[in-house]
Amino acid sequence: MLNVRQIQILILLWNDDYTGTELAERVNSSRRTIIRDINEINQYLIERSIAQINSSSKYHMVIKNYREFQALIEQFEIDDQTFLFKLLILKNKSIDNLMAETYLSKKEVANTVERLNNRYQGFVEITSKIGKGYQVDFQRITKVDLLAYLIFNNPKLIQNVPNLNMPKINNLIKEDKQYIPPEINKYLVSKQITAQFLALNICQIDDAKKFYLEKIQILNKLNTASIKKILRQITDKYELQIEETSLVTDITEHLCRNNLFPTFISASLTKQIKDIKIKNPFAFDLANDFSQAAKEEIKDIIINDEYIGLYVVRAIDIISEDKNIKILMYTYQRSIANINENILLENINNINLKSVYSKDEFDNLLRDNSYDISIMNGPSSDNSGKFDISINGIINQQHISYLKRITSNYYINKNLGNIFTPSNYLNLDNQNGSYLDNLRIGLSEFKSRDLLGDDLIRTLINREEAGNQLIIDSIIAVPHASSRIKFGSIFAIKLENPVILNNNSINLILNVVIDDQEEASRQIFSYLYKIFHNTSKEKIKQISSYEDLFKILNNPE
């Protein structure tokens with residue numbers, strides 16, 4: 001079985017690529033130990049056909065069996081939760097006692113505590129004091145809240161509690177449940193309430209009625225009217241197209257549930273959320289602003305902006321679902337058209353397809369309506385250059401693959417030359433300075449080219465200074481802002497010497513400006529993520545001209 005440090009290394013490599021030196025710094029170890037650990041981790045993963053760690057300039061993990069890998073991550077989280085539970089219930093929290101209870105070495109205990117502090121940052125802080133052992137301080141949640149969350153996730157944890165009289169506790173639960181306000185039952189399931197009663201018993205709190213009364217006081221502060229008011233203040237600033245009614249309902253109900261029974265995003269979902277965040281940065285920027293405003297407006301509430309960000313993405317997607325890509329197909333034969341229509345609609349979900357059988361009708365529709373893609377279904381000799389794709393006969397798999405690609409990225413494919421022009425590229429021979437210093441220098445150069453105004457530059461800088469940075473694959477920083485522009489724009493700064501940002505070595509800065517009211521314009525982030533996630537870091541480092549970068553951006557394969 002992997003030790004605590006090796007688990008930490010595996011989770012780090014799941015999220016990003018690292019050199020041996022970078023890993024050694026992250027886990028407080030030597031590079032020699034990292035090399036040995038990587039070999040042991042690799043052996044463990046390969047024997048079980050789960051994943052493999054490759055090494056070039058950095059260590060990179062390739063997952064082969066995602067289900068098994070997720071199960072492995074979830075088991076690691078259970079181990080961490082078991083450690084935390086034991087720490088919470090121990091009266092004597094000395095290092096020796098904790099080592100005896102968890103069977104971990106002193107260094108492994110320290111590593112686990114560090115990981116837990118990162119995991120529950122802003123809610124729990126575990127500190128070590130000489131002669132007193134470990135101390136657990138709570139912010140915004142209580143010990144009862146955390147114990148209930150751990151018990152709900154893993155009911156077997158209560159087996160670690162000495163002298164726990166379950167028959168007596170079950171009777172108390174049965175008696176006290178009659179005092180639970182109906183609002184609690186509306187938002188919590190029976191197992192959550194049972195977990196809270198067990199946590200109250202472990203903490204030797206007899207007054208369950210008082211505990212739930214305090215919960216109701218917080219619940220009374222949360223209503224759709226107050227959430228709608230805060231949300232509108234924020235959405236007016238972002239001007240995103242959002243399905244407001246469903247978003248207000250989702251956020252209100254989530255906050256009610258989460259304040260009655262605080263929960264935390266599973267470690268197995270952190271990578272997926274990170275990927276969603278990269279593709280939808282404005283949604284999470286909005287969520288962050290909403291969370292800050294809500295904390296000021298509604299005192300003492302628990303709110304996690306990543307949860308809110310997921311609800312914002314969903315609300316944006318509800319609007320976007322109606323914006324199918326419009327395809328106009330000109331065809332000679334109705335029978336062939338019917339077959340091809342069925343093939344296209346079965347294989348490509350996000351299209352609105354219309355077939356016409358007259359060249360005049362095709363020309364009129366194309367002129368009078370906004371179609372994204374035009375298809376010629378007939379002899380290629382009749383293609384006068386007005387069509388995006390020509391198909392002679394029945395659509396085959398190659399056509400489907402091509403159409404899937406251009407429907408997925410149609411906005412970028414059509415407008416890349418406008419989005420990223422030669423004037424939007426800068427090679428910066430930076431000798432020193434921080435990330436922000438070099439960002440300012442690059443943006444000033446684009447201003448001197450009359451490409452960016454002061455307001456937009458200030459927005460880009462302020463967002464980065466606030467620490468809300470977007471980074472792709474640990475090598476590309478993506479400052480972003482919105483503006484009323486016909487096309488989105490990418491302003492690229494290629495750094496001669498990499499700079500450090502949040503422990504990442506940044507070689508390329510892509511300043512992205514979009515019209516965030518246009519769903520098509522927002523595709524730029526998803527497109528960039530897809531492109532660079534499939535581009536080697538060495539290739540990115542070797543970019544030295546506009547042509548180099550344009551070639552990468554223009555190749556969605």
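Quick grid of which residues meet (1) farther than 29 Å from D80 by Cβ; (2) modelled with pLDDT of 85 or more; (3) open to solvent by less than 10 Å² (accessible area, probe 1.4 Å); (4) not in a loop (DSSP other than H, G, I, E, B):
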residue: Q233; (1), (2), (3), (4): yes, yes, no, yes
residue: K237; (1), (2), (3), (4): yes, no, no, yes
residue: L240; (1), (2), (3), (4): yes, no, no, no
residue: S246; (1), (2), (3), (4): yes, yes, no, yes
residue: P262; (1), (2), (3), (4): no, yes, yes, no
residue: D285; (1), (2), (3), (4): yes, yes, yes, yes
residue: F290; (1), (2), (3), (4): yes, yes, yes, yes
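Being in contact with an Asp or Glu (Cβ under 6 Å, 6 or more places away or on another chain) and closer than 18 Å to L219 by Cα is true for just one of S268, S291. Which residue is that? Even if it seems obvious, please write down each step before you answer.
Values: S268 fails: closer than 18 Å to L219 by Cα.
Being in contact with an Asp or Glu (Cβ under 6 Å, 6 or more places away or on another chain) and closer than 18 Å to L219 by Cα holds for just one of S268, S291, which is S291.
Results for (1) surrounded by fewer than 17 Cβ atoms within 10 Å (Cβ to Cβ); (2) under 27 Å from Q52 (Cα atoms); (3) modelled with pLDDT of 95 or more, shown as yes or no for each residue.
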| position | (1), (2), (3) |
| --- | --- |
| R67 | yes, yes, no |
| I73 | no, yes, no |
| M99 | yes, no, no |
| V113 | no, no, no |
| K132 | yes, no, no |
| R140 | yes, no, no |
| D145 | no, no, yes |
| V161 | yes, no, no |
| M166 | yes, no, no |
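Looking only at segment 75-97, count how many residues are surrounded by fewer than 19 Cβ atoms within 10 Å (Cβ to Cβ), under 29 Å from the mean Cα position of the chain (by Cα) and among the polar types (S, T, N, Q).
2
One residue is enough: does segment 410-426 have a residue meeting the conditions among the β-branched types (V, I, T) and modelled with pLDDT of 85 or more?
The answer is yes, given that some residue of segment 410-426 is among the β-branched types (V, I, T) and modelled with pLDDT of 85 or more.
Given the conditions (1) part of a helix (DSSP H, G or I); (2) within 38 Å of the chain's Cα centre (by Cα), and given that P167 satisfies all but one, which numbered condition is not satisfied?
(2)
Quick one: is I11 open to solvent by less than 60 Å² (accessible area, probe 1.4 Å), touching a residue at least 60 places away in the same chain (Cβ under 8 Å) and in a helix (DSSP H, G or I)?
Criteria met by I11.
Give segment 352-372 a look and list any residue that's more than 19 Å from I336 (Cα to Cα) and either surrounded by 13 or more Cβ atoms within 10 Å (Cβ to Cβ) or modelled with pLDDT under 85 (or both), or say none.
D360, D363, L365, L366, R367, D368, N369, S370, Y371, D372
If K404 passes every condition in (1) surrounded by fewer than 18 Cβ atoms within 10 Å (Cβ to Cβ); (2) modelled with pLDDT of 85 or more; (3) in contact with a helix residue (DSSP H, G or I) (Cβ under 8 Å, 6 or more places away or on another chain); (4) assigned to a helix (DSSP H, G or I) but one, which one does it miss?
Single failed check for K404: (2).
Here are some conditions: (1) modelled with pLDDT under 90; (2) closer than 30 Å to K299 by Cβ; (3) of a type outside the set (S, T, N, Q); (4) not in a loop (DSSP other than H, G, I, E, B). G122 meets all but one. Which one does it not meet?
(4)
Do we have I509 as β-branched (V, I, T) and modelled with pLDDT under 90 here?
So I509 does not fit the description; no.
Could you give me the residue pairs with C-beta distances under 9 Å whose first residue belongs to segment 411-434 and is under 20 Å from S545 (Cβ atoms) and of a type in the set (V, I, T), whose second residue is open to solvent by 30 Å² or more (accessible area, probe 1.4 Å) and modelled with pLDDT of 90 or more wherever it lies, and which are 6+ apart or on separate chains?
T421/L451; T421/Y546
The values are calculated or read from the model by the stated rules, or taken from the named source; none is laboratory data. Source: prediction; values computed, not measured. Every residue, glycine among them, receives a Cβ derived from its backbone with ideal geometry; neighbour counts consider all protein chains shown. In case anyone asks, the SASA skips ligands and DNA or RNA and just uses the protein heavy atoms, side chains included. Shrake-Rupley method; radii C 1.70, N 1.55, O 1.52, S 1.80 Å.
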